[in-house]
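Reading through the structure tokens given below for one structure.
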Amino acid sequence: IAYRIISGDLNICSDNSHVDHATVNNSAWRNKHLRNAVFRGVLFQNTNFTECSFHDCFFVNCSFISVNSANSTFTNTCFKHTRNYSWISESESFVNSYYDNSLIFESGQSDEPCCLHDRCETSCYDDANVDYNKVYLELFYVALATVPGCIISAIMVDVLRRSYWLSSLLVLSAGSCILLLFFKTATLAVVALIVFSFVSVGTSITASLITSEVYPTELRSTASGILLSVARVGAILGTLLFGLFINTHPTIPILITGSCFVAAAICSLFLPATTRKTLLE
């Protein structure tokens, strides 16, 4: 069960619960015992844990501000991409638990993080329940989708006007991104990624082909070089910005990507026709 909006005492939380993007403020947890619970994007502020226990739990993209824990234990628990400000607890509270890529602050007034790995034993909990065979197989299907994408694009660029084909591929790319917002299972998400992989490789091929044809020979190599350079810069900025946005809400990077595809699709309609035409000298 996933609880989307929660404030105050989480009495509805139980084993195997998923809590997403909630705020827990001025709350007191007493005699709370959770197993296999997942907390994503949860803000714990002015919260007290008393005689609580967390076993095999996972906190990701969470923030802890002015949190106190007494006689509480965190066993086999992972804190990933978390930000902890002034969390007061006993050192023996953390058993076989660890922080992964997190910022730990001793005081809410300090901007300098200090590592607390010395009070958390290293654990492989983050990888314990991952079926790598399934992950590799899903990635194989996503990569395999590029093969028919290349073949179909190579045929369609001579059938349709290339700018129209490029615009169609960009619209399909935007659609596959938006579908991720509505697909709630891993299987459907993989299907959306396969569709995206299929159309995106055709987008790259068609864009490179049009770039080489719309410019005269003396500018052709320069234009292609500028295209590749801008693409690399965009990939770098996209990776950095998406890493920041995803901590705010995971839908923001998807919406930005889909919007960019739609804008590019509209612009592509105004490109000159080059199908079966003599290249400019």
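The values are calculated or read from the model by the stated rules, or taken from the named source; none is laboratory data. Source: prediction; values computed, not measured. Ideal geometry is used to build each Cβ from the backbone, glycine not excepted, and the neighbour counts take in all protein chains shown. Surface areas here come from the heavy atoms of the whole protein model, side chains and all, with no ligands, DNA or RNA. Shrake-Rupley method; radii C 1.70, N 1.55, O 1.52, S 1.80 Å.
Here the spin labels are modelled as points 7 Å beyond Cα on the Cα-Cβ line, and at L43 and A28 they lie 2.3 nm apart.
Here's how it looks for H33: its modeled amide H is under 5 Å from those of S53, which are all 5 or more places away or on a different chain. Surface composition of region 202-243: carbon and sulfur atoms hold 74% of the protein heavy-atom accessible area at a 1.4 Å probe. Once the chain from F182 to Y141 is taken as fully extended at 0.36 nm per residue, the excess over their C-alpha distance is 12.7 nm. The label point for L240 and the one for S259, both projected 7 Å from the Cα toward the Cβ, are 2.0 nm apart. Rolling a 1.4 Å probe across the protein heavy atoms gives region 126-252 an accessible surface of 61 Å² per residue.
Each of Y215 and N36 was given a label point 7 Å from its Cα along the Cα-to-Cβ line. The distance between the two points is 5.7 nm.
Annotation: extensible slack from M156 through N68 equals 25.4 nm (criterion: 0.36 nm per residue apart, minus Cα-Cα distance).
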